[in-house]
Amino acid sequence: MGIELKIATEVDEQRADFLVTMINEVYELSEGNIWIDDYDRISKGLLLNCIRNKELLLAIKDDEVYGCIHLEQVDDATCKFKMLVANPKFKGTGVGSLLVDFAEQQAKSYGAATMHLELLVPTEFIHEDKVFLHDWYTRIGYRKIAEHDVDYVHQGISDFLKVGCVAKIYAKTLSDL
């Protein structure tokens, strides 16, 4: 496939405007019926912080961004990934799987034994993207370990939601990789 997987660096700050637009557009397409109008998943400032903290992982080929994932170290034994986004031009090419695999390998290199992720799921209707993600995460070894009110996980986030939601927490043991 020839895709380079890398931790974003200062050089990638030049991609910030593109990345912010791509991330927000993908989230608008997939979660627009969950969030209030004009809610942005990420700002340029927050994205630049992710890059400067070496928490943004990129998939790039021929200088085009195929996707990204935010990897955050929670503690010495745990990392979590969030904001997994495939560039719509390359959706369905396996870039999501590549990014999750890369995030898991990076987490292991940091000494983490467990990877977590959160899935925001509406309680008022079945969201097909969330069903797909639950099935996919389960297939690749993640198990739901908890379910919380969204404000328990992210204080005040419900103010930006159109509908009731829960945060489903998934975990995977990394030692088997």
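The values are calculated or read from the model by the stated rules, or taken from the named source; none is laboratory data. This structure is a prediction, so every number in the text was calculated from the model and none was measured. Quick reminder, even Gly has a Cβ in these numbers, built from the backbone with ideal geometry, and neighbours come from all protein chains shown. Side chains included, ligands, DNA and RNA excluded: accessible areas come from the protein's heavy atoms. Shrake-Rupley method; radii C 1.70, N 1.55, O 1.52, S 1.80 Å.
Assorted remarks:
- Selection from region 66-80 of residues that are open to solvent by 10 Å² or more (accessible area, probe 1.4 Å) and not aliphatic (A, V, I, L, M): Tyr66, His70, Glu72, Gln73, Asp75, Asp76, Thr78, Lys80
- Enumeration of residues in region 42-65 that are assigned to a loop (DSSP other than H, G, I, E, B), under 19 Å from Ile7 (Cβ atoms) and open to solvent by 90 Å² or more (accessible area, probe 1.4 Å): Asn53, Lys54, Asp63
- Among the candidates Val131, Val121, Val166, residue that is over 29 Å from Ala16 (Cβ atoms) and open to solvent by 50 Å² or more (accessible area, probe 1.4 Å): Val131
- Among residues that are out of contact with any Leu (no Cβ under 8 Å at 6 or more places or on another chain) and outside any helix (DSSP H, G or I), Tyr39 is included.
- Which numbered condition Ser175 fails, given (1) open to solvent by less than 60 Å² (accessible area, probe 1.4 Å); (2) part of a loop (DSSP other than H, G, I, E, B): (1)
- Which numbered condition Thr138 fails, given (1) farther than 17 Å from Ile7 by Cα; (2) of a type outside the set (Gly, Ala, Ser); (3) within 15 Å of the chain's Cα centre (by Cα); (4) open to solvent by 10 Å² or more (accessible area, probe 1.4 Å): (3)
- Residues located in region 13-25, provided they are buried (at least 19 other Cβ atoms within 10 Å of the Cβ) and either at pLDDT below 95 or among the hydroxyl-bearing types (Ser, Thr, Tyr) (or both): none
- Condition met for Thr93 (at pLDDT below 95, out of contact with any Cys (no Cβ under 6 Å at 6 or more places or on another chain) and not aliphatic (A, V, I, L, M)): yes
- The single condition from (1) open to solvent by 70 Å² or more (accessible area, probe 1.4 Å); (2) on the phi < 0 side of the Ramachandran plot; (3) at pLDDT 95 or above that Asn87 fails is (1).
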